[in-house]
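Q: Structure provided below as structure tokens; questions to follow.
Read-outs throughout are calculated quantities, based only on the coordinates presented, and are distinct from any laboratory measurement. Since the model is a prediction, treat every value here as computed from it, not as a measurement. Using ideal geometry, Cβ is built from the backbone for each residue, glycine included, and neighbour counts are taken over all protein chains shown.
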Amino acid sequence: MLNPKCYTVSIQDMTTTWIETFHPKEHIVVVLDALNHFDFLSKFDLFLDQGKLYNNKILTIQFNSLDEALSFLQKIPHEAGPYAQIYSLGKLITDNIDK
């Protein structure tokens, strides 16, 4: 009889680990499910390639400052576009869901 151990990992946990590991000193906007919002995101001149987004779950966009990231996030209302979050210096700052 098998006796496996099963674990779950959320997208949020994976995102946090990714940012802490690969972007600990940057200002990042994280966009979830970018392919399904390709047309919406294309208007921001991000130079996105549909072919590279074919199997994506998370798109990261690096900015020079937290202010730039916040300005960009304000242009992505959750009801019209994808869910997005800002990480700054490895920590989650905010998202685009009205609170």
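Q: Once R0 is set to 25 Å, what does the formula 1/(1 + (r/R0)^6) return for the Cβ-Cβ distance between Met14 and Ser71, expressed as a FRET efficiency to the nearest 0.05?
A: Efficiency at R0 = 25 Å is approximately 0.40.
Q: Sticking with this one: Please give the charge dipole size of the chain, origin at the Cα centre, charges +1 on K and R Cβ atoms and -1 on D and E Cβ atoms. Round to the nearest 20 debye. Before the final figure, lay out the partial values.
A: Details: 8 positive and 12 negative charges, 59 e Å.
Using only the charged Cβ atoms, the result is roughly 280 debye.
Q: Would you give the gap between the C-alpha center of segment 56-99 and the C-alpha center of segment 32-55, rounded to a whole Å?
A: 15 Å
Q: Give me the extension gain from Tyr83 to Asn3: residue separation times 0.36 nm, minus the current Cα-Cα distance, reported in nm with one decimal.
A: Details: separation 80, 0.36 × 80 = 28.80 nm, distance 3.77 nm.
Stretched fully, the Tyr83-Asn3 segment lengthens by 25.0 nm.
Q: While we're looking at this one, here's another question. Could you pull out the pairs from Lys5/Lys57; Lys5/Lys52; Lys52/Lys91 whose alpha carbons sit more than 32 Å apart here? Intermediate results must be reported in sequence, preceding the final value.
A: Working: Lys5/Lys57 26 Å; Lys5/Lys52 34 Å; Lys52/Lys91 27 Å.
With Cα atoms farther than 32 Å apart: Lys5/Lys52.
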